[in-house]
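Read through the structure below, which is laid out as structure tokens, and then see the notes.
The values are calculated or read from the model by the stated rules, or taken from the named source; none is laboratory data. What you are looking at is a predicted structure, and each value in this text was computed from that prediction instead of being measured. Neighbour counts run over all protein chains shown; Cβ positions are idealised from the backbone, glycine included.
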Amino acid sequence: MRFADILRFARDAAAGYPLRTFLSVLAMAIGVAAVVVLTALGDGARRYVVGQFSSLGSNLVIVLPGRSATGGFNPANAITKTPRDLTNDDAAGLLRLVPVQRVAPLFVGNSEISVGGRLREAVVAGTTASYFDIRNFEIAQGKVLPDEDWNRVIPVAVIGRKIQEEVFGNQPAVGQFVRLGDRRVRVIGVLKPTGQGLGMNTDEVVFVPVALAQSMFNSSTLFRILVEARGRNQIEDAKREVLTLLKARHGGEEDVTVITQDAVLATFDKLLRALTAAVAGIAAISLAVAGILVMNVMLVAVTQRTAEIGLLKAHGARGRTIRQAFLAEAAMISVVGAFAGYLLGQLGAFMLRKAFPVFPAYPPDWAVIAALATALTTGLLFGIMPARRAARMDPVQALMKY
Amino acid sequence: MALIELCGVERVFHLGDSTVNALARIDVSIDSGEYVAIMGPSGSGKSTLLNLLGLLDRPDAGTYRLEGRDVTTLSPDEQAAVRSRRIGFVFQSFHLVPRLTAAENIALPMMLAGIAASERTRRVDQALKDFGLNQRADHRPDQLSGGQRQRVAIARATIMQPAVLLADEPTGNLDRTTGDEVIHLLETLNAGGVTLIIVTHDPKLGVRARRQLVMEDGALKHDSARLPDAPVG
Ligand SMILES: Nc1ncnc2c1ncn2[C@@H]1O[C@H](COP(=O)(O)OP(=O)(O)OP(=O)(O)O)[C@@H](O)[C@H]1O
Ligand SMILES: [Mg+2]
């Protein structure tokens, strides 16, 4: 039997039992659509997180106190004991390194800001002018922190947009004095809204010179040192040299962790990819179920068409021809189901993107390909058994079924 | 050389502990172009014999030569090829594929044999004309009368120009007139050279054949070719 004839015969056979065919196509479609939508969600989460990290700034190398076992990013760093503090001098020393463009120390504490009667909790970030360059923060009014000696205590502050709104309302903020903890500082600038970043919302932060923050909280320990490499290809050099220098400064003890934004990104990327894959795996179970359904449907088809099989054999059909005809039917159900599921899944992902515009819910290519491939292989695999049963049927017995 | 030669053919069915000798040492030889009626009471083994002749079943003992070739030892695929080219089947209940049109049903054996679509169309058109089915080409079996269905089935059985046409009670589901028409059609085909073997309960149809085989309990009780004077029936 010619290939085109087998396909046509199988198509007519499938069309001959519309409800049964429709239901198995639907099962297959739901399986594929589930994979497409769920991986779109997972990968959307990954893209979202990666996007948030990228907004931290480019070519960023971050130094944090404490040693991590792997040398890579490790969330446990946050709670490990710090053997030796990171200081302003450590940060200043890094400026001499060739691959380093900018350095900004970062000191973080919690305090209150008040003006007139209004009082509000605020995160106080002690840093320098270069911090704003590294993080690409833009000023809405006024100017950034002065580019002065890091150890000078200058009573000025740059405030986030939300602080400005809540503490000053409609009043102009720049030039005004505010009370910050036990200090009186003058507001010299207001940041443009930066939106939700990872960790802290910079709209709710009060930036002050690092020395002021340190004297306010009576501590010299830096939270982070942000280092900007001269270029993307210098990130690794910068990381290595930063580590070497700090080790030398800390008496040969490697008690800091240097992470690159790439490493952080890679970790989250890996994590969320694994999550997406796991979700895809769970969704793939529905594909296996759909495959079993196709098998059931084909077994019913073989039983229903027993007489027809006998007739085909009487008219010279070989076992192989009958096997191919039934296999083609199972394959068609799977192909149509997989394709319909693909369209359905893409539609679902599209609606997700419409409903949550910040969330880039695009299914990854690998998931789409894997879903389609799994649908087709399970459909075919589960089609084999019924097709063999049909081919092996005894023609005399089969013909008696009319 | 005989077209069909059965030599000591036996067929035994096992039903639990009991065995049924559906065919017991059948020796028969049928020449090309013959018109043979197989008769006998129900359960005497007529259908079993016909299925063997059509290579749908294998004997438990004995040999079957078709056109001089021992076909009992052929592989299933080789037997399928013989069925495709040399044997045509006509059944009591027509056995048309319900979802296919008359034309598609007739074309089925050619499609199974891998004949090109253009050639199929040509031969189906001719067959539709020959069997008076021009107006019914696109009708499905449930839109056809019994006689028309059997004519489609006969057209299908002969579309590959077989040497033998095997018909198991071809008029069993038809009224007298339509049955006669169908028999007449089969006889015309026989006149054209096809060997015709019909299983029938109907003595009136049996006597129309030039040769009668009468079965009883799986044995060949009577062969009009061997005993030309013996009564029929
Ligand atoms: N598959 C089978 N299994 C067991 N016994 C069978 C089988 N097929 C046929 N037989 C038995 O073999 C014998 C011959 O059956 P067969 O169908 O050839 O009879 P028949 O002459 O065609 O009868 P009818 O005129 O009723 O069609 C019967 O006794 C039947 O019960
Ligand atoms: Mg019978």
Quick one: which residue in A:ALA211, A:ALA238 is at pLDDT 90 or above, in the same structural domain as A:VAL115 (by TED's automatic domain parsing), over 30 Å from the mean Cα position of the chain (by Cα) and aliphatic (A, V, I, L, M)?
A:ALA211
Residue tally, condition more than 8 Å from chain A (Cβ to nearest Cβ), in contact (Cβ under 8 Å) with a residue 40 or more places away in the chain and out of contact with any helix residue (DSSP H, G or I) (no Cβ under 8 Å at 6 or more places or on another chain), over segment B:88-106
1
Has segment A:21-41 got at least one residue that is within 14 Å of chain B (Cβ to nearest Cβ), within 30 Å of B:LEU96 (Cα to Cα), surrounded by fewer than 23 Cβ atoms within 10 Å (Cβ to Cβ) and at pLDDT 90 or above?
yes
Within segment B:49-87, track down each residue that is touching a residue at least 40 places away in the same chain (Cβ under 8 Å) and assigned to a helix (DSSP H, G or I).
B:LEU49, B:LEU50, B:LEU52, B:LEU53, B:SER84, B:ARG85, B:ARG86
The one condition A:GLY341 fails out of (1) surrounded by fewer than 22 Cβ atoms within 10 Å (Cβ to Cβ); (2) among the small types (Gly, Ala, Ser); (3) modelled with pLDDT of 90 or more is (1)
Can you tell me which condition B:ILE38 does not meet? The list is (1) crowded, with 19+ Cβ neighbours inside 10 Å; (2) near ligand 1 (Cβ under 9 Å from one of its atoms); (3) within 14 Å of chain A (Cβ to nearest Cβ), and all the others hold.
(3)
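When you check A:PRO172 against the structure, is it of a type outside the set (S, T, N, Q) and free of Cβ contacts under 8 Å to residues at least 40 places away in the same chain, yes or no? Before the answer, list the steps.
On the way: of a type outside the set (S, T, N, Q): yes; free of Cβ contacts under 8 Å to residues at least 40 places away in the same chain: yes.
Yes.
Which residues, counting only those in segment B:181-200, are within 16 Å of ligand 2 (Cβ to nearest atom) and hydroxyl-bearing (Ser, Thr, Tyr)?
Restricting attention to segment B:181-200, the residues satisfying the condition of being within 16 Å of ligand 2 (Cβ to nearest atom) are B:197-200.
Within segment B:181-200, just B:THR200 meets the criteria.
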Every listed condition ((1) more than 16 Å from ligand 2 (Cβ to nearest atom); (2) farther than 24 Å from B:ILE183 by Cβ) holds for B:VAL28 save (2)
In segment B:21-33, how many are surrounded by 15 or more Cβ atoms within 10 Å (Cβ to Cβ) and either within 11 Å of B:ALA219 (Cα to Cα) or not small (Gly, Ala, Ser) (or both)?
8
Would you say A:PHE382 is at pLDDT below 90 and either farther than 30 Å from A:ARG2 by Cβ or part of a helix (DSSP H, G or I) (or both)?
yes
Matching residues in segment B:10-35 (within 13 Å of ligand 1 (Cβ to nearest atom), farther than 22 Å from B:HIS201 by Cα and outside any loop (DSSP other than H, G, I, E, B)) number 7
Enumerate the pairs (first residue in segment A:375-395 and surrounded by fewer than 19 Cβ atoms within 10 Å (Cβ to Cβ); second residue anywhere and among the small types (Gly, Ala, Ser) and modelled with pLDDT under 90) with beta-carbon separation below 9 Å, excluding pairs fewer than 6 apart on the same chain, so at least 6 apart or on different chains.
A:THR377/A:GLY291; A:LEU380/A:GLY291; A:LEU381/A:GLY291
Looking only at strands (runs of 3 or more DSSP E) that lie completely in segment B:147-226, which have at least 3 residues being within 14 Å of chain A (Cβ to nearest Cβ)?
B:164-168
Tally the residues that are β-branched (Val, Ile, Thr) and away from chain B (no Cβ under 13 Å), restricting the search to segment A:318-334.
1
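Give me the residue from segment B:56-103 that is among the basic types (Lys, Arg) and within 17 Å of B:ASP27 (Cα to Cα) and, out of that set, farthest from the chain's Cα centre (by Cα). If you could, list the steps in order and put the result at the bottom.
Going through segment B:56-103, the residues among the basic types (Lys, Arg) turn out to be B:58, B:65, B:69, B:83, B:85-86, B:99.
Now narrow it down to the ones that are within 17 Å of B:ASP27 (Cα to Cα): B:58, B:65, B:69.
Numbers: B:ARG58: 16, B:ARG65: 17, B:ARG69: 19 Å.
Of everything passing the filter in segment B:56-103, B:ARG69 is farthest from the chain's Cα centre (by Cα).
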Just one listed residue, out of B:ALA191, B:ALA167, B:ALA155, is over 19 Å from A:GLY316 (Cα atoms) and among the small types (Gly, Ala, Ser), and it is B:ALA191
